[in-house]
Every structure is written in C-alpha cells, then in structure tokens.
Amino acid sequence: MKLLEERIVEEGRVLPGNILKVDMFLNHQIDPKLFQAMGKEFYEKFKHKKITKVLTLEVSGIAIAYAAALEFGVPVLFAKKIESLTISQDVYSSKVISYTKNKTYDIRVDKKFLTEEDHVLIIDDFMANGEAMKGLINLCNQAGATVEAIGIAIEKTFQKGGKTIREQGYDIESLAMIKAFEEGKVVFEERD
C-alpha cells in the first residue's frame, strides 16, 4: 500500500535491533484517515471471504482491526494481554512472546465471543517472528473457528514469521513488506 509505505519512509525511524518506530501515525498516535484507508484495503483484499469476526491482539492492533471490521460490518474481538477482573474464567488462552518488549504474555478471549461458527480475519500492526500470530491462530483453533485470512499492516519479511505462517497454508496480505533496513533506511519488497 503506497500510502503506508510513504508514511513509513517520511516518519518512521529504524532503531537498534531491527525495530521500526512508527509511533507518529500507527502505534501510539493514530492517523484516522490512514487507518480508514488500511481498513478499505483489507476489505478489498478479502471481500471474497466469508468473514464473521475480526480478531486482533491488544493494544496496537485494535484500531486497524476496527477499521477493517467497519468495512466488513462485523464485530472486532481483541485478545487481552492484561489481566482483568471483568473477563470471565471461561476463556481460551495462549502464550505470546513480544519481539519489541522481550516479554511473554498470556493472551485470552472469552469463549462466548469466539466459536466454531466464526470465520475470522486476523489483523495486526506488525509481523516479525510471527509469535503474536501463532497465539491468535491458536485461540481460533481452540474455539474451532476458521481462520479465513490474516491482514498485517507492516511485515518484516527478513524475519521468519510471515514465511512460517504462509507455509502452514494461511492467506496473508501485508500492506507494507520490508525486506531490509540499510543504513537506517527502509527497503521494501517489490510488488507485482
């Protein structure tokens, strides 16, 4: 998606450890018009699929998932990382390792919100090693839900996550695909 790639080049910063900081428009401060455009792009890519729910992980994936769900006219469900007294004990849970935080989270969704009748579009802001995606897929598998597709805002293709998940047969579309960071600059994958 050209608009997202332009914003990454203009406002993103490459930090040590192959971390891309895009907090000006994606995961701290949000640009609503950009998110609306991303939601429409995901809809165009997956409108042929039967989607009944959009699933993401709190926190940074929620706004992108909302934009996509609005286009599909379906609910957004986000897996919680933070324990809360308001979530029931009847949950599906999985462990997720955060690449940027170097921390393991127990993620969970209430069983009443994810069922075997659901056809799920999973959305997230980044894919690096694919740990968050594996956890979200695991939640769907526990529920017997069908993962129809996966939408990623920014994928680092030089890390193994996208390749590993694609090899498992999942339909993944990433709006910006980064193949390298060279001298502090972002190098994108060539698109067909």
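Here, each number is a calculation from the coordinates, and none is a lab measurement. None of the values given here were measured: they were computed from a predicted structure. Counting neighbours? That spans all protein chains shown, and the Cβs are built from the backbone with ideal geometry, glycine included.
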List the trypsin sites (Lys or Arg not before Pro) within segment 65-145 that fall in a DSSP loop (any state other than H, G, I, E or B) and whose Cβ has at most 16 other Cβ atoms within 10 Å.
Lys101
Using Cα atoms only, what is the angle between the long axis of helix 2-11 and the major principal axis of the chain, expressed in degrees (0 to 90) to the nearest 10?
70
Measuring from label point to label point, each 7 Å out along Cα→Cβ, what is the Thr115 to Ile19 span in nm?
4.1
Estimated inter-spin distance, Glu58 and Asp171, nm [label 7 Å along Cα→Cβ]
3.1
Exactly which GluC sites (Glu not before Pro) in segment 9-75 are in a DSSP loop and have at most 12 other Cβ atoms within 10 Å?
none
How big is the gap, in Å, between the Cα center of segment 1-24 and the Cα center of segment 111-141?
25
Can you tell me the 0 to 90 degree angle between the C-alpha axis of helix 32-46 and the longest principal axis of the chain, rounded to 10?
70
The answer for the per residue Cα convex hull volume of the chain, in Å³, is 116
Gyration tensor (alpha-carbon) shape descriptor, segment 133-176, a/c threshold 1.5:
prolate
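So how much slack lies between Thr146 and Glu10, counting 0.36 nm per residue of separation and subtracting their Cα-Cα distance, in nm?
So the extension gain works out to 45.2 nm.
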Compute the long axis of helix 62-72 from its Cα atoms, compare it with the longest principal axis of the Cα atoms of the chain, and write down the angle in degrees, 0 to 90, nearest 10.
70
Protection proxy ranking, peptides 121-129, 16-24, 174-182, average beta carbon neighbours within 10 Å, highest first
121-129, 174-182, 16-24
